[in-house]
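Structure first, commentary second.
Just so you know, all these numbers are worked out from the coordinates, no wet-lab data involved. These figures come from a predicted structure and were not determined experimentally. Using ideal geometry, Cβ is built from the backbone for each residue, glycine included, and neighbour counts are taken over all protein chains shown.
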Amino acid sequence: MPKRVTIYDVASEAGVSISTVSLAINHPQRVNEATRRAVIDTAVRLGYRGSTPASAGRRVAVAAPFSAYPSYYTRLTGILTVSATAGIEVIVHDLPSTAAEDAPVLDALPVKANIDGIIVMGAPLSRQATRTASLPGPPVVLVDVPDSARHHPDAPSVLIDDRRGGALIGEHLAGRGHRKVAFVHETQRSTDYLSAGMLRAQGLADHLTCVDVPVDDPAAPWPELSSAMEDEEITAVVANHDRLAACLHGALPAIAARPTALVGYDGSELAAALELTTVWQPFEESGRAAMGLLTQLINGEHAHLNAMSLTPRLVARASTAGAVH
């Protein structure tokens, strides 16, 4: 019987400590790219499978930037609804915000041994990520990860049509006489991937002139917006998500010397409380759909859909009630 490969073997062969091997596999964002790749490649070559005791049931890893974007918790609720009925244990990994990272593309997924499947939400993956993730290569489902480069054509994905969401806002504002809007979003430090915000801006631009306003601090976006609002043709502000719109809600009257419509995105309770027009997204449905697809793959079934696109819905409220004259 062949000798079982241990974490010590991987560390020795890669020339790193066992703690570095553990970080590279379980928390790849905390290890530099060269070291991470060296460790993962060595582990794959040696056939390392980890040392976590086998679970009595199935285990699924879910990775997303939960701390940066709380909407992923709502998606997680949908995942947990399905996993509870299927008897699947869910292990959650918090990833850094992709917008704030200079190199946000993941080369390895943060999963431990004895994982039967992986759901990745809101984090772009490199071409090799799903080939070396977790080391036996369990099935992967992507949520809110537009794969414009077709790096993962065999990985089922669940998307909410962000370009359509932007277009819904554009149609709504254009119908009220707006012709030029400011689109406020976090500064995206990498152009290596297509983000949801980029798609929403494209949809907006299909119907009116869209002025890009990236902000370095989403909690204090007024300096950048104040500069943009010097353009008197801008009569509406669209925020990339409801929390950002809420930050602007109280400050906008002081920033703009004229009546200005305000739109959020996500369909949160916060938007409802502030009477903000927003775009509702079926977050829980996307989580349920992803877990359903992954369960099929774990059971050895072929997923019926390679890509599932869900439709957002505009919710018009008082923040865009007035027409432009």
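Please report, to one decimal in angstroms, the Kirkwood hydrodynamic radius of the range 154-297 built from all distinct Cα-Cα pairs.
Working: mean 1/r = 0.0630 Å⁻¹.
One over the average 1/r among Cα pairs gives 15.9 Å for the range 154-297.
Local charge sum around Thr74 (other residues, Cβ-Cβ under 14 Å, Lys/Arg +1, Asp/Glu -1)? The partial results should precede the final answer.
Details: positive: Arg75, Arg243, Arg288; negative: Asp144, Asp242, Asp266, Glu269, Glu284, Glu285.
That works out to -3.
Using R0 = 51 Å, the C-beta based FRET efficiency linking Tyr8 and Gln202 works out to 0.50.
In order along the range 270-284, the Karplus-derived 3J(HN,Hα) couplings, from 6.51 cos²θ - 1.76 cosθ + 1.60 at θ = phi - 60°, round to 4, 4, 5, 5, 8, 6, 8, 5, 8, 10, 6, 10, x, 4, 4 Hz, and Gly and Pro are given as x. In sequence order, the range 228-235 has phi-based couplings of 5, 6, 5, 6, 6, 7, 6, 10 Hz under the Karplus curve 6.51 cos²θ - 1.76 cosθ + 1.60, θ = phi - 60°, and Gly or Pro positions carry x.
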